[in-house]
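Throughout, read-outs are computed from the coordinates displayed, never taken from laboratory work. Treat the numbers as computed from the prediction; the structure is a model and nothing was measured. Cβ coordinates were reconstructed from backbone atoms using ideal geometry, including for glycine residues, and neighbour counts include every protein chain displayed.
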Amino acid sequence: MNTRVIVKKSTYRDSISLMKISNSISKLPGITQAAVVMATELNRRVLSEAGFVDAAIGSASNNDMIVAIEAKEAASLDAALTETERLLSPGEKPAGEEAPPTSLDEALELFPDANLAVISVPGQFAKREAMHALGRGLNVFLFSSNVSREEEVELKKVAKEKRLLLMGPDCGTSIINHKVLGFGNTIREGTIGLVSASGTGLQEVTTLIHKAGLGISQAIGTGGGDLSEQVGGTTMIQGFEWLEEEEQTKVIVLISKQPAPGTMEKVLEVARRSRKPVVVNFLGGVVSPPLLGKLRSANTLEDAARIACELAGIKPGGAAFIIPKETISVALANHRKLARSQQYIRGLFSGGTLCYESETILQPLFGEVFSNAPIKPENNIPGDAPSKKHTCIDMGAEEFVEGRAHPMIDFSLRNLRILQEAKDPETAVILIDVELGYGSNDDPAGQLVPVIQQAKVLAKEAGRHLPFVASVVGTEGDFQGLASQEKALSGAGVLIMPSNAQATRVSALIASGETIEAAIFGRSN
């Protein structure tokens, strides 16, 4: 093999652009592997594990770019390097096409009626750009991460004073006036409004509402830090008050991981004064009856969708909320095929809140669930460490996405982890989530199926049966095609469930069999 590693000093491109270039180079004739990445610690480690050995990799800094290519022949390598340089060069605009605006001020000259700015820049520049947008009277959807709590508090204070909404930082999903910002799905219009400190949590609940036959008015993301003690739920309260006044919204849903105690009390105090029915889904904790008052509490994202639909006038009885007995039989049949060593669930998630939801379901059943985003601090393990007993890993955590595209887009790290789990004789079932919609990979099943097939072969060669369980977050309106994605995954032997909560419970049944059936499905059978 012929390899070449080039470090481009002080050269930056965003992770999605680099992923697309890497994919294009990998498909060239004679190329066995290619990576064009920012030189973060994670990316340097991944290159080393992929077999690229070069002193230049170790000396590169986070501000540098690394081009690493392996080819069968020298000619193929030279051609790939030439193409890489071409793809990294600034593109020329097509003849007759106007140049796009290069600043917010230029954009406002073209769109003087705009009232919202979407900002996605490196974290060190996020505050500056958001302040500029707020100063121009714009609401802000701040996708950028790595923004300090102090800066978030300052930004949200300014937004509130100006009666503007700042969604973020690290806000992955909103649907405002039926337009998706960031990641999101095609959801019909309706009367349920949501405010969420979780992007994938918002996607899960809105798609389940859609599948139940209803729709949404607004879905407002707040960013994951909004319900911290420092920030105090500023955006969630603002969003709630907006939905309270909006005529189309008849039911309101609040979604978050367990908030800071003081912030939770503040948010619930506002919610209790609502003239509309309110569903509260604070994962990982119990809200006491005095704090709830007339509010409805949901234990899972699935429960939040179901209760919201009931309050909106429809009692959903479809597959999204009920596990058929046939599925339970299939799960038990899978359990009986396991080797004696296979005891544990290995959850590998693109969605951090889906990972957390699975932990909240599994922990009462098994006691310990290890994670890089654990419910209990004593169950913390590094994301890149080998799994330990029942393990749920958030592959979208900062440790995995620094300098890389989000795992909803770039499946490479999760695919490697799937193969790692397949080699572990203690793995009983691999649990995954798949997100469709705007921003996500064009063909998630196409990325996963070959790896799932390879994992099953690895397990079979070792004398083991390896089940996979998945939920697909999406609707029939998503461009990837919900039905075709589920069909492709099912064809690879994946058991598809209509929600993450149901996929988690079925995984628990596969791992433990009849001994735990009553505890999991007592109310579903």
Rounded to two decimal places and with Rh computed the Kirkwood way over Cα pairs, what is Rg over Rh for the range 171-318? 0.92
Distance cut-off 25 Å, Cα to Cα: go down the list 250/294; 27/72; 160/376 and report the pairs above it. 160/376
Approximate spin-label separation residue 59-residue 179, in nm, with each point projected 7 Å along Cα-to-Cβ: 4.9
For the chain, what is the relative contact order in percent, using Cα pairs closer than 8 Å and at least 6 residues apart in sequence? 12
Ranking 163, 149 by Cβ neighbours within 10 Å, fewest first, what do you get? 163, 149
Divide by every residue of the chain the summed helix terms, -39500 (n - 2.57) for each DSSP H run of at least 4, and state the resulting mean residue ellipticity at 222 nm, rounded to the nearest 500 deg cm²/dmol. -12500 deg cm²/dmol
Counting other C-beta atoms within 10 Å, which of 395, 19 has the fewest, and how do the rest follow? 19, 395
Filtered hits (aspartates and glutamates, Cα-Cα < 15 Å from residue 388, offset >= 8 within chain) -> 359, 368, 378, 421, 424, 426
Top positive-direction residue, dipole computed over the chain with Cβ charges, set 110, 285, 195: 285
Two-decimal ratio, the chain, of alpha-carbon radius of gyration to 2.2 N^0.38 Å: 0.99
As straight-line cross-link partners of residue 179, the qualifying aspartates and glutamates (C-alpha separation under 13 Å, not fewer than 8 residues apart within one chain) are 189
In the P(r) worked out for the range 165-204, what percent of Cα pairs fall beyond 14 Å? 41
At R0 = 60 Å the Cβ-Cβ FRET efficiency linking residue 161 and residue 32, nearest 0.05, sits at 0.60
I'd like the distance between the alpha-carbon centres of the range 444-461 and the range 345-408, rounded to an integer number of Å. 21
Can you put 490, 329 in order of Cβ neighbours within 10 angstrom, beginning with the fewest? 329, 490
Output the DSSP H helices from the chain with an along-axis C-alpha extent of no less than 24 Å and a mean Kyte-Doolittle hydropathy no less than -1.0. 444-461
May I ask you to derive the relative contact order of the range 101-170, considering only C-alpha pairs under 8 Å and at least 6 residues apart, and to give it as an integer percent? 30
Using Cα positions and a limit of under 12 Å, work out the aspartates and glutamates in reach of residue 325, with same-chain residues fewer than 8 apart set aside. 517
For Cα pairs less than 8 Å apart in space and 6+ apart in sequence, what is the mean separation divided by the residue count of the range 2-88, i.e. the relative contact order in percent? 45
